[in-house]
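Below: one structure, written as structure tokens.
The values are calculated or read from the model by the stated rules, or taken from the named source; none is laboratory data. All figures in this text were calculated on a predicted structure; none of them were measured in a lab. With ideal geometry, Cβ positions are generated from the backbone for all residues, glycine too; neighbour counts draw on all protein chains shown. Remember, those area values only see protein heavy atoms, side chains included, never the ligands or the DNA or RNA. Shrake-Rupley method; radii C 1.70, N 1.55, O 1.52, S 1.80 Å.
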Amino acid sequence: MGTQELWTGIVNWLNINAPVTAKTIRAPAPDPLVRSFEQAAPIGWPGDLSTMYRLFDGAEPSTAGYILPGYRPLPLEEAEKVRQMMLSIEAELGADSNAEFERRKSSPIYRNLRAVGEAHSSVPVPEPHKPYDPAGAEADEAGTRAWMFISSFLPIADDNAGDFLFVDLRAGRQHGCVSEYFKGEADWRPAIWPSVEELLDETLTSLRTGRPSLSVRPSVIDGSLNWKFVRER
């Protein structure tokens, strides 16, 4: 199934089984807004991401449950606000980390240890890398851990606790893959889904079968969709 068919299946399931949650779905994002984001990305957007926002512009904040496994789809403008906030936080923390890195590099202890290493090595001892190097992370292929938040990460869903799903818009074979960003562990694992379409496919399968996704299982209480944690065996 394609992105539109998958989303239609999710909406139909919600309308029948979780109508309270279904009411949180927003209308499609304005086409000029979607185009502006597509054009701003260095190599554009994958087609399924564009299609998703042309089908619906996220969901309203609500206590009526999350549409995706443990996450609320973000409206596009809210996604950009989260992205800019994360970049600002990362830059501030990164500047502090790099300053501490430079202080340690200039210490007598570091210089002495480096001199010893060079004296006992037959090849040049490489210079250590700064801990905060967003340009280097941006140059890596999509799907590669960045260990930080970078401009090519587009948040598309959040859990209202500081964690979110993001689309990796860097170049490479995994351009458009989706993964989790944890506030304490950054992009803590490789891509979970190769695309937004695969995320929607797994969500629909979970809704229809009750099969867990992201270690949570769907249930409905008073018309609201809930995702309950399932302990891994």
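What do you reckon, is residue 34 among the aliphatic types (A, V, I, L, M), open to solvent by less than 50 Å² (accessible area, probe 1.4 Å) and at pLDDT 95 or above? Walk me through it before giving the result.
Details: among the aliphatic types (A, V, I, L, M): yes; open to solvent by less than 50 Å² (accessible area, probe 1.4 Å): yes; at pLDDT 95 or above: yes.
For residue 34, the condition - among the aliphatic types (A, V, I, L, M), open to solvent by less than 50 Å² (accessible area, probe 1.4 Å) and at pLDDT 95 or above - is met.
Residues in segment 25-45 that are touching a residue at least 40 places away in the same chain (Cβ under 8 Å) and touching a Leu at 6+ places or on another chain (Cβ under 8 Å): 25, 29, 33, 34, 37, 41, 42, 43, 45. Which residue is surrounded by the fewest Cβ atoms within 10 Å (Cβ to Cβ), if the candidates are limited to segment 149-200 and must be on the phi > 0 side of the Ramachandran plot and at pLDDT 95 or above? Only one residue tops the list, namely 172. All conditions but one from (1) loosely packed, with under 15 Cβ neighbours inside 10 Å; (2) of a type in the set (S, T, N, Q); (3) under 26 Å from residue 151 (Cα atoms) apply to residue 63; the one that does not is (3).
Does segment 206-219 contain at least one residue that is farther than 21 Å from residue 62 by Cβ and not in a loop (DSSP other than H, G, I, E, B)? Can you show your working first?
Within segment 206-219, the subset farther than 21 Å from residue 62 by Cβ is 208-212, 215.
Pick out the ones that are also not in a loop (DSSP other than H, G, I, E, B) and you get 208-209.
Yes, that holds for at least one residue.
Taking the condition of being open to solvent by less than 40 Å² (accessible area, probe 1.4 Å) and either over 16 Å from residue 62 (Cβ atoms) or not in a loop (DSSP other than H, G, I, E, B) (or both), how many residues in segment 1-24 meet it? Don't jump to the end; show me each part of the working.
Step one: list which residues in segment 1-24 are open to solvent by less than 40 Å² (accessible area, probe 1.4 Å), which gives 2-3, 6-7, 9-11, 14, 18, 21-22, 24.
Still in the running and either over 16 Å from residue 62 (Cβ atoms) or not in a loop (DSSP other than H, G, I, E, B) (or both): 2-3, 6-7, 9-11, 14, 21-22.
Qualifying residue count, segment 1-24: 10.
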